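For reference, the structure discussed in these notes is given below.
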Amino acid sequence: MPKHDTPLLDQLESGPWPSFVSDLKRMAQKKDECWDILGQVELSYKDKITHWKHGGIVGVFGYGGGVIGRYSDVPTRFPGVAHFHTVRLNQPSSKFYSTAILRQICDMWERRGSGMTNFHGSTGDLVLLGTTTDQLEEIFWECTHDLGMDLGGSGGNLRTPSCCLGKARCEWSCYDTQAACHNITMTYQDELHRPAFPYKFKTKFSGCPNDCVAAIARSDFAVIGNWRDDIRIDQAAVKGYVNGDHAANGGAHSGRDWGKFDIQKEVIDLCPTGCMWMEGDALKIDNAECTRCMHCINVLPRALRPGKDQGASILIGAKAPILDGAQIATLVIPFCKMDPENEFEEYKDLLEKCWDWWMEHGKNRERIGESMQRIGLNNFLSIIEVEPIPQHVKEPRSNPYVFWKDEEVEGGFERDVKEFRKRHAM
Amino acid sequence: MGYDPENPMKDRITDIGPPHYEQFFPPVIKENYGKWLYHEIVQPGVLVHVSETGAECYTVRIGCARLISVDMVRDYCEIADKHCDGYLRFTTRNNVEFMVDSKDKVQPLLDDLAKNGQMPVGGTGAGVTNIVHTQGWVHCHTPATDASGVVKAVMDELFDYFTSMTLPAQVRVALACCLNMCGAVHCSDIAILGVHRKPPLIDHDVISSVCEIPLAIASCPLGAVKPAKGTTTTGEEVKSVTVTVERCMFCGNCYTMCPAMPLADPEGDGIAILVGGKISNARSAPKFSKLVIPFLPNTPPRWPETVAAVKNILEVYAKDANKYERVGEWAERIGWEKFFEKCNIPFTEKSIDDYRLAYDTWRTTTQFKYTSHIK
């Protein structure tokens, strides 16, 4: 028996895509508060506006994040969601789970929360939606003692790091993204749980320039796998693609008849640097001209692989529009090793230099990408002790407004106007 | 045993971080870690990865609503227990992946997924995969639109593109329910973005008790929020703020900092459509999505205007683009003037940037194409 009529939401039960409304209704048979979610969302569908209040600070002892306070602005009508806080759990690297741990999480959340979740939140956390303040310590206790799980980040801290699936099931990953993500998450537990930054700080780990976790667009500190030697070629497999023995692009285009595979048109002509050509049956690459965009490797996965001298590029400062506009991350380190043997030392050295400066000089709610814009890339590079190189820019500046420093100019800035006037009358 | 409220620090465990990922690997993943040679999509939603050891991992990918109950998760677990040795994974785009170690295990798995009815197989290759999205009216205090409902409506309509691979390239659709963009839609092929269009209200009754007024003032990127005296409903004069309306760009950052400045509104709020962004470095550099439709109304439960707009852009692209071309690469090749013409989207001054770095987007060449826009 429905507790609330939901004629608008009911219309989202039809159609082929999985329906969150049907799912909520099913859960509502066991968890009464799910009826109140449906009731309140139905009211929003009618009113065309949210019915959640602004924030509210709740959490567990000793942590400054991981729980987001959430209260209904119509609590008397929907008492089951009057207090309805979000708990962020730090997901395991690249989101593999055993059913055993998932069932444990489900059982805990059915007892202590609404039974509704997000698999996953945008940053990567496993999100538990809807519980009351008195449950928070209990949930934290069960997570840490029984599930071996911990809270994720929220507020002005290191947000929960995330990574692509890397070497677990991808042939292109140029470093161990999962090991890096886990190691770095564990190293910076304090920064993750206790907000001390001007604003949020995200770091993401992608194994190759295809960037499946969107590190370049979504993280303040993006680590994207890369290599610096030659693309590995299996000429027999190249021939196989040319002869039509293998599906190009891993079969990604098999739903439409695009005609016979044409290596000239589909690979060589689409190379952004024009560094490839055929010599008879053999595919040749001038690797010194290659910018490692991945297109040829994507199209010919059996024939081409990233080189063997592998590592990563580090790009800094991506963010969504609030406030100064969206930013894509800027290349800072073209290539470094991401080595589990030395605990990802190069990454951590650079990260900590950035934090040290940003924590002191970043303004309230200023992402590091905005701080970089404010002081200029040249100053930022000097602060983090990175030598400027042409790879840092798309093109040199087109205006001549250089901020020369006193010590850079012969004789310095100090001059005597009287001496000047002796030679140059007004 | 368990948590003792009288003694909260007793036996407390903190800062243990996430569980180690390796314990959750299916055997075929664990044994072939770092040994994969190549992959192929054998049919929509089914991938095979081949290892240098000769081992194969077949992955079946299904769409998921992201907002799911623990019973739904248990349904996934049941499938994984029956077919996949009790392991599964989730993708960054909210899909679920079931992995098996031989080809003959694929069809029985597909059959069980089909029986469930809420586990559509697809989301691979040159198609539309799951829409990454935010909370919307289900759980957020700042949204300008819903998230899960819009996604459901759009995916119902684009469903055939989820279960097939007929497009020129992969098309990434994303939804963020306000400009904070928890869903980071700013580099998506097609972005559905909740927008406000009315300046904030100022609740003088509570502003001095719930807000730090200097922070509210500093929150405005355009200096539109200024200190001012306000009068409460009881006639009391209090320290408050005023908003220079003509400077407001409706970003909502003031409300994020100050609960006494709400700007959500049933008529004011709605959806903007941005297109042509990409993340991957393949061929062309990553790019931002560009605003092509400044506003569509909120029309729950199925947002027909938004659904039609997304489908139209997708289908014009599908017909016109070259193989491998992403939406943004296509629009740049044909020229944005042609994009508007071919998609039959009216061009308005609202698509001309007037924020920071706007000049970078103005056309500074005599090279253009003649379209119906030139009278």
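Rule-based calculations on the coordinates, nothing more; no lab input. Source: prediction; values computed, not measured. Note: ideal-geometry Cβ built from the backbone for every residue, glycine included; neighbour counts use all protein chains shown.
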Check your understanding: If you average the sequence gap of Cα pairs under 8 Å that are 6 or more apart and divide by the length of chain A, what percent do you get for the contact order?
Key -> 11
Check your understanding: Using alpha-carbon pairs under 8 Å, 6+ residues apart, how would you state the relative contact order of chain B in percent?
Key -> 12
Practice item. Could you run the Karplus curve 6.51 cos²θ - 1.76 cosθ + 1.60 with θ = phi - 60° over segment B:3-19 and give me ³J(HN,Hα) per residue in whole Hz, x for Gly and Pro? Key: 6, 10, x, 6, 9, x, 8, 5, 6, 5, 10, 9, 6, 8, x, x, x
Study note, to complete from the structure: Burial-style ranking of A:173-185, B:361-373, A:320-332, average other-beta-carbon count within 10 Å with highest first, yields A:173-185, A:320-332, B:361-373
Exercise for review: With no solvent and one equal point scatterer placed on each C-alpha of segment A:7-147, evaluate the Debye formula and give log10 I(q)/I(0) for q = 0.16 Å⁻¹, two decimals.
Suggested key: -0.91
Point to revise | Cross-link pairs beyond the 26 Å C-alpha cut-off, checked among A:K167/A:K204; A:K95/A:K202; A:K260/B:K311; A:K95/A:K363; A:K204/B:K323 | key: A:K260/B:K311; A:K95/A:K363; A:K204/B:K323
Check your understanding: How far apart, in nm, are the 7 Å Cα→Cβ label points at A:D269 and B:S102?
Key -> 4.5
**Study point:** Amide H contacts of A:C163 (H built 1.01 Å from N, under 5 Å, at least 5 apart or other chain)
**Key:** A:S94, A:F205
Practice item. Quick one: grab the alpha carbon gyration tensor of chain B, order the square roots of its eigenvalues as a ≥ b ≥ c, and give me rounded if a/c is under 1.5, else prolate or oblate depending on whether a/b is larger than b/c. Key: oblate
Exercise for review: Loop only per DSSP, at most 15 neighbouring Cβ atoms within 10 Å: give me the chymotrypsin sites (Phe, Trp or Tyr not before Pro) in segment B:1-52, ordered by residue number.
Suggested key: none
Exercise for review: Mind jotting down a quarter of the surface of the convex hull over the alpha carbons of chain A, in square nanometres, one decimal?
Suggested key: 31.9
**Study point:** Global size of segment A:176-325 as Cα Rg and Dmax, reported in angstrom
**Key:** 19.3, 61
Point to revise | Compactness relative to 2.2 N^0.38 Å, alpha carbon Rg of segment B:148-241 | key: 1.71
Study note, to complete from the structure: With DSSP loop assignment and no more than 12 other C-beta atoms within 10 Å, the trypsin sites (Lys or Arg not before Pro) in segment A:260-293 are A:K260
Practice item. Apply the Debye scattering formula to segment B:95-186, with a single equal point scatterer on each alpha-carbon and no solvent, then give log10 I(q)/I(0) at q = 0.13, 0.23 Å⁻¹. Key: -0.55, -1.14
Practice item. Report, in whole Å, the centroid distance computed from the Cα atoms of segment B:139-162 and segment A:258-287. Key: 40
Practice item. Measure off 7 Å from each Cα along the Cα-to-Cβ vector at A:N364 and B:S208, then give the distance between these two points in nanometres to one decimal. Key: 1.9
Review point. So how long is each side of segment B:54-128 along the principal axes, counting just the alpha-carbon atoms, biggest first, in Å?
Key: 38, 30, 21
Practice item. Would you kindly derive the ³J(HN,Hα) couplings of segment A:383-399 from the backbone phi angles with the Karplus curve 6.51 cos²θ - 1.76 cosθ + 1.60 (θ = phi - 60°), listing them in order in whole Hz, with x for Gly and Pro? Key: 5, 8, 6, 10, 6, x, 9, x, 5, 6, 10, 6, 7, x, 4, 9, 9
Review point. For A:E289 and A:D5 in the same chain, what is the full-extension length gain: residue separation times 0.36 nm, less their Cα-Cα distance, in nm?
Key: 95.8 nm
Review point. Given the C-alpha centroids of segment B:6-82 and segment B:173-219, what is the distance between them in whole angstrom?
Key: 35
Revision key, fill the gap. With the label point 7 Å along the Cα-to-beta-carbon line of B:I374 and a cut-off under 16 Å to each amide N, the hits in segment B:319-352 are B:334-342
Review point. Taking every pair of alpha-carbon atoms in segment B:188-302, what share in percent sits in each 5 Å bin, from 0 to the bin with the longest distance?
Key: 2, 11, 17, 16, 15, 12, 10, 8, 4, 2, 1, 0, 0
Practice item. Any chance you could check the Cα centroid distance between segment A:335-409 and segment A:84-119 for me, in angstrom? Key: 38
**Study point:** Peptides ranked, highest mean first, by Cβ atoms within 10 Å: ranges A:139-152, B:96-109
**Key:** A:139-152, B:96-109
Revision key, fill the gap. Expected sort for A:117-129, A:299-311 on mean C-beta neighbours within 10 Å, highest first, is A:117-129, A:299-311
Check your understanding: What's log10 of I(q)/I(0) for segment A:46-120 at q = 0.21, 0.26 Å⁻¹, Debye sum over Cα points only, no solvent?
Key -> -1.09, -1.29
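Please give the FRET efficiency for A:F403 paired with A:A196, using the beta carbon to beta carbon distance and R0 = 30 Å, rounded to the nearest 0.05.
0.45
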Study note, to complete from the structure: Mean per-residue count of partner chain Cβ within 10 Å for B:139-147 equals 6
Check your understanding: So which aspartates and glutamates pass the test for B:K35, namely a Cα distance under 14 Å, with those fewer than 8 places away in the same chain ruled out?
Key -> A:E171, A:D176, B:E52, B:E56
Point to revise | Loop-located trypsin sites (Lys or Arg not before Pro) in segment A:371-411, at most 15 other Cβ atoms within 10 Å (DSSP) | key: A:K394, A:R397, A:K405
Practice item. List the residues whose amide H sits under 5 Å from the amide H of B:A228, counting only those 5 or more places along or on another chain, with H placed 1.01 Å from N in the peptide plane. Key: B:S240, B:V241, B:T242
Check your understanding: What ³J(HN,Hα) values, in whole Hz, does the Karplus curve 6.51 cos²θ - 1.76 cosθ + 1.60 give for segment B:275-292 when θ = phi - 60°, with x put for Gly and Pro?
Key -> 9, x, x, 8, 9, 4, 8, 5, 6, 9, 5, x, 9, 6, 6, 10, 6, 10
Review point. Over all residues in B:248-260, what is the mean tally of Cβ atoms on other chains that come within 10 Å of each residue's Cβ?
Key: 2
Revision key, fill the gap. Quick shape check on segment A:232-305: root eigenvalues a ≥ b ≥ c of the Cα gyration tensor, a/c under 1.5 is rounded, otherwise prolate if a/b tops b/c, else oblate, and it reads prolate
Review point. Hey, rough spin-label estimate for B:Q23 and A:N379, points 7 angstrom out along Cα→Cβ, what's it come to in nanometres?
Key: 4.8
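Classify the protein assembly as shown from the C-alpha gyration tensor, please: rounded if a/c falls under 1.5, else prolate or oblate depending on whether a/b exceeds b/c. Please list the in-between numbers first.
Numbers: a/c = 1.32, a/b = 1.02, b/c = 1.30.
Here the protein assembly as shown falls in the rounded category.
Peptide A:161-169: average number of partner chain Cβ atoms within 10 Å per residue?
Values: counts 1, 1, 2, 2, 6, 3, 6, 15, 16.
Going residue by residue through A:161-169 and averaging, the value is 6.
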